[in-house]
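Remarks on the structure that follows.
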Amino acid sequence: MGDIVKRGVIEHAEALARGEYSAEELVRAYLARIEEKEASVDAFLYVDCERALDLARESDKRRADGVSRGRFDGIPIAVKDNICTRSMPTTCASKMLDGYIPPYDATVIERLRANGFIIIGKTNMDEFGMGSSCENSAFKITKNPFDNERVAGGSSGGSAAAVAAFEAPCALGSDTGGSVRQPSAFCGTVGMKPTYGRVSRYGLVAFASSLEQIGVITSSVADNAALLGMMAGQDAKDATTASVGAADFESDISGGVSRLRIGFPRELFGKGISREVREAVLAAAEKYGDMGAEVFEVSLPSLEYALPAYYVISSAEASSNLSRFDGVRYGYRAAEYENITELYLRSRSQGLGDEVKRRIMLGTFALSAGYYDEYYARARRAAALIKRDFERVFRECDLLLSPTTPETAFKIGEKKNSPTQMYATDICSVPANIAGIPALSLPCGVSAEGLPIGMQLMGDSFSEALLYRAAYAFERLGEAKNG
Amino acid sequence: MTDKSREKRIFSPEEAEHIAELAKLGFSESELKKICADMSDIIAFASKLSELCTEGDSVETDSLSVDSLREDISSGGIPKDELISAAATSCDGFITVPRVIGEGES
């Protein structure tokens, strides 16, 4: 049973169907792996041992009785701790929500449970999603499974590390500016940020509502496609979900890339991108060419504004969204206060971490009288230009290929004291959030130090099936080569 | 870009205190010093946006296209007692907070 934790979601589904092992044995195997790896990885904030085993036994009974909830019934999944799970803590890795147990499930959780998935635990993250390294968690720093002195990335670092360390076969993350893709690149996993409106955000604790989407982290492209297909679709509880039809990302996945037009944006291969990363992604571009795709350089000049625009817009939205944490209806309340204003101020000051306070300050500043036009209005203008650039470029090509991150996983503490240095690591990932388009990160090589390198595929809105097809073709190539 | 716009804007403690008050955050003296330094750096980082002209050509807004709104019909929600139980203090089904009306009066 030892190595079953290294199998993917679809492999588990097939093994469960043929009775190779039971859901209970599967969950026990992952719980044992978590027990073994957590001391060095610190991916989880909460592990739901007893209930996961109860649910696994119920799943086995359903399967025996012929009333299974589908092919994934009984498979465990890890969930980022900013996605609400009924009767299970949801802290957003913040002291502000320490001990908070939501009275409802997020829509994605409802859909996972309806398909028989078992939530095995909640994963670590940067507080409220604000960070790129998990160093901003109020509780622990997740370590990169490939090198425990390095970060796992963020903000969904716990989810990516859990999958990379085989503590879970799949995980949910959320991506506001790269928070699914960047940790996936650092940990060698496959991470998808879907089109804005593809997946319901109901039950995702809001950070920057116009930018974020819940995404999937897995060890293979096919697993990722299967999970997203199950979660996607309109939801009456989230008016920004789109009324596109049922999402099938699997049936065309092996269609290949022949005659596909793949552009690589000049702006995402230049200054700040390490030589090793650039060379690995350009080598991948060549492989796409060998497989019959047409690969050429494109330009999106407005991307030079993407980072400042992202940080102004996301912080502005955060300053508004996080005003709900006032110590009154839920979350942390300061022990001492004389009046209601002190209650708000002390609860927020004691409950929120440094990076969250910095972003609230920046957002409040950017929206305040006298500065709104100078910062917020200009950031929205930049966002409009970026969207226009993507629209133009997607008339010339089907997909864009770039690095996911400028460099491989950095050392813990290396960028912690310089917010702007940390922000700069998001250069390749934030444009997709600003434009609302889907983007996927998948491994494309290993650095001299043995660290994973990730490449990013971006497509036009609602082109996830095409992204999966292109990613699958590349992944297969690696398998063929290694095998 | 003018020379003036290239100068680093220093975020003063007075400004920080004003913004903190709006944001309902409090900082100690040493925290305030740090937040001023960080904010000055972040604003310098965002100053690239000053190259973008927002005049003349009306600022494009990329507002979200809300696909559809559901009918405004209430359906089974979360039981009130479950919601109230998340609050730090409550009494008889109400969340309790310090007195608001008449605050400051003896």
For this session: Could you identify the single residue in A:248, A:238 that is within 20 Å of residue A:82 (Cα to Cα) and at pLDDT below 95?
Result: A:238
For this session: For residue A:431, state whether it is modelled with pLDDT of 95 or more and in contact with a Ser or Thr (Cβ under 8 Å, 6 or more places away or on another chain).
Result: no
Problem set entry | Given (1) in a helix (DSSP H, G or I); (2) out of contact with any helix residue (DSSP H, G or I) (no Cβ under 6 Å at 6 or more places or on another chain); (3) closer than 23 Å to residue B:82 by Cα, index of the condition residue A:108 fails | (2)
Seminar exercise, completed: Across segment A:446-483, the tally of residues that are in contact with a helix residue (DSSP H, G or I) (Cβ under 8 Å, 6 or more places away or on another chain) and more than 19 Å from residue A:224 (Cα to Cα) stands at 3
Problem set entry | Close pairs (7 angstrom Cβ cut-off, 6 or more residues apart or separate chains): facing another protein chain (nearest Cβ under 7 Å) in segment A:338-352, in a loop (DSSP other than H, G, I, E, B) and loosely packed, with under 15 Cβ neighbours inside 10 Å anywhere | A:339/B:98; A:339/B:103; A:340/B:98; A:340/B:100; A:340/B:103; A:343/B:98
Problem set entry | Odd one out for residue A:434, checked against (1) over 14 Å from residue A:303 (Cα atoms); (2) buried (at least 22 other Cβ atoms within 10 Å of the Cβ) | (1)
Problem set entry | Lone unmet requirement of (1) within 24 Å of residue A:94 (Cα to Cα); (2) within 12 Å of chain B (Cβ to nearest Cβ) for residue A:425 | (2)
Exercise. Does segment B:51-60 include one or more residues that are at pLDDT 90 or above, at the interface with chain A (Cβ under 8 Å from one of its Cβ atoms) and farther than 30 Å from residue A:244 by Cα?
Worked result: no
Seminar exercise, completed: Residue count, segment A:315-336, condition closer than 14 Å to residue A:94 by Cα and touching a residue at least 60 places away in the same chain (Cβ under 8 Å), comes to 5
Exercise. Residues of segment A:354-377 being buried (at least 24 other Cβ atoms within 10 Å of the Cβ), at the interface with another protein chain (Cβ under 7 Å from one of its Cβ atoms) and either among the aliphatic types (A, V, I, L, M) or free of Cβ contacts under 8 Å to residues at least 40 places away in the same chain (or both), which ones?
Worked result: A:360, A:361, A:362, A:365
For this session: Select from segment A:134-161 the residues that are out of contact with any Lys or Arg (no Cβ under 9 Å at 6 or more places or on another chain) and among the hydrophobic types (A, V, I, L, M, F, W, C) and write down the one among them that is farthest from residue A:191 (Cα to Cα).
Result: A:141
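Go through segment A:378-483 and tell me which helices (runs of 4 or more DSSP H), entirely inside it, have 3 or more residues that are closer than 16 Å to residue A:267 by Cβ.
On the way: elements: A:378-396, A:419-424, A:430-435, A:464-482.
In segment A:378-483, the matching helices (runs of 4 or more DSSP H) lie at A:378-396, A:430-435.
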Exercise. Could you count how many residues in segment A:243-263 are buried (at least 19 other Cβ atoms within 10 Å of the Cβ) and either within 14 Å of chain B (Cβ to nearest Cβ) or in contact with a Cys (Cβ under 9 Å, 6 or more places away or on another chain) (or both)?
Worked result: 3
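Can you confirm whether residue A:320 is under 25 Å from the mean Cα position of the chain (by Cα) and exposed (fewer than 15 other Cβ atoms within 10 Å of the Cβ)?
no
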Seminar exercise, completed: Of A:304, A:407, the only residue that is within 11 Å of another protein chain (Cβ to nearest Cβ), surrounded by fewer than 19 Cβ atoms within 10 Å (Cβ to Cβ) and under 30 Å from residue A:471 (Cα atoms) is A:304
For this session: For residue A:392, work out the one condition from (1) basic (Lys, Arg); (2) within 8 Å of chain B (Cβ to nearest Cβ); (3) over 25 Å from the mean Cα position of the chain (by Cα) it doesn't fulfil.
Result: (2)
For this session: Would you be able to tell me the number of residues in segment B:19-33 that are at the interface with chain A (Cβ under 8 Å from one of its Cβ atoms) and outside any loop (DSSP other than H, G, I, E, B)?
Result: 3
Exercise. Within segment A:317-335, which residues are within 26 Å of residue B:81 (Cα to Cα) and in contact with a helix residue (DSSP H, G or I) (Cβ under 7 Å, 6 or more places away or on another chain)?
Worked result: A:322, A:325, A:326, A:327, A:331, A:332, A:333, A:334
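Here is a yes/no grid of residues against (1) among the acidic types (Asp, Glu); (2) under 21 Å from residue A:210 (Cα atoms); (3) touching a Pro at 6+ places or on another chain (Cβ under 7 Å):
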site	(1), (2), (3)
A:402	no, no, yes
A:405	no, no, no
A:429	no, yes, no
A:435	no, yes, no
A:447	no, no, no
Problem set entry | Pairs where the first residue, in segment B:81-97, is aromatic (Phe, Trp, Tyr) and the second is surrounded by 16 or more Cβ atoms within 10 Å (Cβ to Cβ) and modelled with pLDDT under 95, C-beta under 8 Å, 6+ apart | B:94/B:84
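From A:287, A:271, grab the single residue that is away from chain B (no Cβ under 11 Å) and at pLDDT below 95. Write out each step before concluding.
Details: A:287 fails: at pLDDT below 95.
Within the list A:287, A:271, the selection yields A:271.
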For this session: Could you grab me the full set of residues in segment A:243-263 that are under 21 Å from residue A:394 (Cβ atoms) and touching an Asp or Glu at 6+ places or on another chain (Cβ under 8 Å)?
Result: A:247, A:249, A:259, A:260, A:261, A:262, A:263
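Look at residue A:81 and say whether it is closer than 17 Å to residue A:45 by Cβ and among the acidic types (Asp, Glu).
Values: closer than 17 Å to residue A:45 by Cβ: yes; among the acidic types (Asp, Glu): yes.
Yes: the conditions hold for residue A:81.
When segment A:328-340 is examined, which residues are found to be under 16 Å from residue A:205 (Cα atoms) and modelled with pLDDT of 95 or more?
The first filter runs over segment A:328-340 and keeps only residues under 16 Å from residue A:205 (Cα atoms), leaving A:329-332.
Result: A:332, single match.
The values are calculated or read from the model by the stated rules, or taken from the named source; none is laboratory data. What you see is a predicted model; the values in this text were computed from it and never measured. Counting neighbours? That spans all protein chains shown, and the Cβs are built from the backbone with ideal geometry, glycine included.
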